[in-house]
Amino acid sequence: MHSIITVSMRSAAVFTAMTAVSAPTHAEVVLDTLFQDHAVLQRDRIVPVRGSATPGEALELSFGTLHAKGVAGADGRFSIDLPPMAASTEARVLTVRGKSGEATASDLLVGEVWFCSGQSNMEWTVEASHEADRAKSMASKLPLRSFKAPHVTANTPAARVEGGWRVATGETVGSFTAVGFWFGVNLARGFDLEVPIGLVDISWGGTRIEPWIPLDSMAQSAFKPTAEALAAEIAAFRARNPSDLARAQAEEDARVAKECEGYWHRALSNEIGQREGWSQPAESSDFPTGWSEAKLPAFYPALDPALGGFDGFVWFTREFKVPAEYANTPLTLHLPAIDDGDHVWIDGQPVGNTIMNWNTPRHYALPKGLTEGAHRIVVCVLDVAGQGGFADGIYSLTKPNETSRRLSLGGPWHWRKGGGVPQVAVPVRRDIAREPGLGAGDPAAIYNAMMAPCIAFPARGALWYQGESNAGESDNYRKLLPLLMESWRVKSGNPALAWGVVQLAGFMPFVEAEPAQGAWALLREAQFRGTAEGNSTGRAGMISATDLGDTGDIHPKRKREVGDRLAAWARCAVYGESSVAWRGPELKSAQHGTGGSVVCTFDAAEGLAARGGTALGGFALAAADGKFVWAKATIDGARVVVEAEGVTDPVEVVYAWQNNPERANLVNGAGFPAIPFRAKISK
């Protein structure tokens, strides 16, 4: 637990403004965000029904046969308590009336409410995951509802966020969070379908953990300097003259435009593909033999697992035919978002380029059009960090004002690897006229806009699947995760808010020569340790998804298993079903055995086995030189005996300590994977 640190006077005023959600005065009654049609209210807890009305207005609340009264405060805000209620599938109407009018929410149920938050693997939909058809066939049979918030940011806590509740049906469930849906399915079945499940899906792909944490909570932690710096930036911005900002932005735009003019010329100057004429591949002697087939969309690792960690150029090409009706008329080339930048040629002539804009579809004008017949398009993709390649989307040509009719460019492509990232600075435009703290990566930005309007809605707990965007920063993450957990408990007014955390799935190519990597292995340990530190109430747990990953896809499709494991944790640790197993084996001790062997003992070890009945793998040992060697591992009851050829006096042992630990297959009798570890060996 971090000690409380007083915020300096320099930033105190800004923090005060950023932590007080003040609702505007209304001339009518308005309910807060989550009190909408089809909502699920938390059972067995007082439910404060909140909203705004005319200041001082007397209000009457009704919910079925329940009635209560309240008065709006001087700021127009009101909060009227509903008493604890048993679960119910009976649809009821919630109404708050006053002289200025009334607000109504229909078809409300009472059950269990869970927040579903994190980045893309939490946001990943049922439709895009395995078993989507099964989910659709069973959706309408379940008392399951979901609220989805849009992606927005703010640098002060907002009073409302858009979005609405949806009832699970075969038609709607495809857009539900897949992890949340399968969690809800398992939970609903555990309650014999008598307890409705409400999923509050507030997630955002590609986000870091910092934007999800309230700024005042950061200011009372080891991250005080970060919080104070942002608060000072916001204060300084608000003190600037608008005309000065406009002038500075114009100067910035002129600078960026000048840098962009020559970027691709400089970036391609030493690129092998440019030197060898890959913009016209059919004219080279090694086409198509020097190129490989590609099915788009695809990110680099899907083309070849060896590209999993590659940053640099990859070239793509295909031939297409223009029919007479599209010939010799202006056209627009449409491509999906490309991570990170691209340069495009048709028949060797440049038609457009984009500089480092990884999430925006491309639209390039061809004012003179193309002649009838065969043509060749070449797309040079440059990835400078992370995962490069083509996102899902449209590949086509259109005529002006005929976007509904398209000449498709779908079908087989060819690709070829180019060189690495060029030593050319990428032009970066600073949005000087935009207030600080509004970026999706800025501290508190997502919490303020998406979570603050919902955090006080009574809920049983939160599911958290995030960490990919913080890989490589394990020390900070270990501190940030328990800070996130505690801050939401404080803001929700529920110190017992439960937390279910997902440990990252395997990703990237398996590396035979590196039995002990860092990066994702260290982040997984930070998730494990951070969850334990945030478990002050005994109502937090972490389930591992290391065995559910995909070498070439950061978004593995096996979401049902993740949801099932989270539900098993919740049923046991939160709802008290002690007979439900949920933990994977956790290392308890690693001690020297006979000879050069190491004996590892585990908690949650009943029925230890190698998944699939194959040989046990994933273990490695290191001597004092720190060089890890793959080891032979044998199960002995609740223990695993590990030994490695040539390592006679081991000092460290690791298990599943890789970005993608595909050899790791230790499970317990319940089928849950062992938690990755790196440990010193004791005598």
So, counting K/R as plus one and D/E as minus one, what does the shell of residues with Cβ under 14 Å around GLY348 add up to? -3
Non-local amide H neighbours of VAL200 (under 5 Å, H modeled in plane, Pro and chain starts lacking H): which ones? TRP114, PHE115, CYS116, PHE147
Which whole-Hz ³J(HN,Hα) couplings does the stretch 190-204 yield from phi under the Karplus relation 6.51 cos²θ - 1.76 cosθ + 1.60, θ = phi - 60°, glycine and proline marked x? x, 9, 6, 6, 9, 10, x, 10, x, 10, 9, 7, 10, 9, 7
Name the long-range amide H neighbours of THR207: under 5 Å, sequence gap of 5 or more, or other chain; modelled H, no Pro or chain starts. SER120
Let's test this: bin the Cα-Cα distances of the chain at 20 Å from zero up to the farthest pair and state each bin's percent. 16, 43, 35, 7, 0
Rounded Å value of the spacing that divides the Cα centres of the stretch 119-161 and the stretch 271-330: 36
How large is the dipole of the stretch 586-680 about the Cα centre if only Lys and Arg carry +1 and Asp and Glu carry -1, each at its Cβ, rounded to the nearest 20 debye? 120
What does the charge add up to near LYS417, with Lys and Arg as +1, Asp and Glu as -1, over the other residues with Cβ less than 13 Å from its Cβ? -4
In what sequence, highest mean first, do 305-313, 337-345 appear when ranked by Cβ atoms within 10 angstrom? 337-345, 305-313
VAL161 long-range amide H proximity, modeled H, under 5 Å: THR33
HN-Hα J couplings of the stretch 525-535 from phi, Karplus 6.51/-1.76/1.60, θ = phi - 60°, integer Hz, Gly and Pro as x? 5, 4, 5, 5, 5, x, 5, 4, 5, x, 9
Distance in Å, no decimals, from the C-alpha centre of the stretch 350-420 to the one of the stretch 654-683 is 43
So what's the gap between the Cα centers of the stretch 573-611 and the stretch 40-80, to the nearest angstrom? 49
Proximal aspartates and glutamates relative to LYS683, as straight alpha-carbon distance under 14 Å, when same-chain residues fewer than 8 apart are discounted: ASP649, GLU652
Starting from the Cα of SER682, step 7 Å along the direction of its Cβ; do the same at GLU435; then give the gap between the two resulting points in nm. 5.3
Measure up LYS224/LYS680; LYS295/LYS559; LYS321/LYS399 against 27 Å on the Cα-Cα distance and list the ones that go over. LYS224/LYS680
Quick check on packing: order 175-187, 395-407, 532-544 by the mean number of other C-beta atoms within 10 Å, highest mean leading. 175-187, 532-544, 395-407
Determine Rg/Rh for the stretch 384-443; Rg is computed over alpha-carbon atoms and Rh is the Kirkwood hydrodynamic estimate from the same atoms. 1.10
Run the Debye formula on the Cα coordinates of the stretch 586-680, all scatterers equal and no solvent, and tell me log10 I(q)/I(0) at q = 0.12, 0.13, 0.20, 0.22 1/Å. -0.32, -0.37, -0.90, -1.09
Going by average Cβ density within 10 Å per residue, which order do the peptides 590-598, 375-383, 198-206 take, highest to lowest? 198-206, 375-383, 590-598
For the stretch 539-671, calculate the relative contact order in percent as a whole number, restricting contacts to Cα pairs under 8 Å that are 6 or more residues apart. 24
Before anything else, pin down the relative contact order of the chain: Cα pairs under 8 Å, at least 6 apart, normalised by residue count, whole percent. 13
For the chain, the charge dipole (Cβ of Lys, Arg +1; Cβ of Asp, Glu -1; about the Cα centre) points to a positive end, and the Cα of SER146, MET542, TRP520 closest to that extreme belongs to SER146
Using the Cα centre as the reference, give the magnitude of the dipole from point charges on the C-beta atoms of the chain (Lys, Arg: +1; Asp, Glu: -1; all else neutral), rounded to the nearest 20 debye. 940
Two pseudo-spin positions, 7 Å from Cα along C-beta at LYS295 and at ASP603, lie apart in nanometres by 4.5
Subtracting the Cα-Cα distance from 0.36 nm times the residue separation, let me have the gained length for SER62 to THR634 in nm, one decimal. 199.5 nm
Taking the chain and counting helices only, DSSP H stretches of n ≥ 4 at -39,500 (n - 2.57) each over all residues, the nearest-500 ellipticity at 222 nm comes to -6000 deg cm²/dmol
Over all Cα pairs of the stretch 243-396, how is the pair count split among 10 Å bins, expressed in % and running from 0 up to the last occupied bin? 10, 35, 35, 14, 4, 1
For the stretch 644-656, take each phi angle, set θ = phi - 60°, evaluate the Karplus expression 6.51 cos²θ - 1.76 cosθ + 1.60, and give the result in whole Hz per residue in order, putting x for glycine and proline. 10, 4, x, 10, 8, 9, x, 10, 9, 10, 10, 9, 6
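Bear in mind these aren't lab numbers, they're just calculated from the coordinates by the rules spelled out. Keep in mind that what you see is a predicted model, and the values were worked out from it rather than measured. We place every Cβ from the backbone using ideal geometry, glycine too, and count neighbours over all the protein chains shown.
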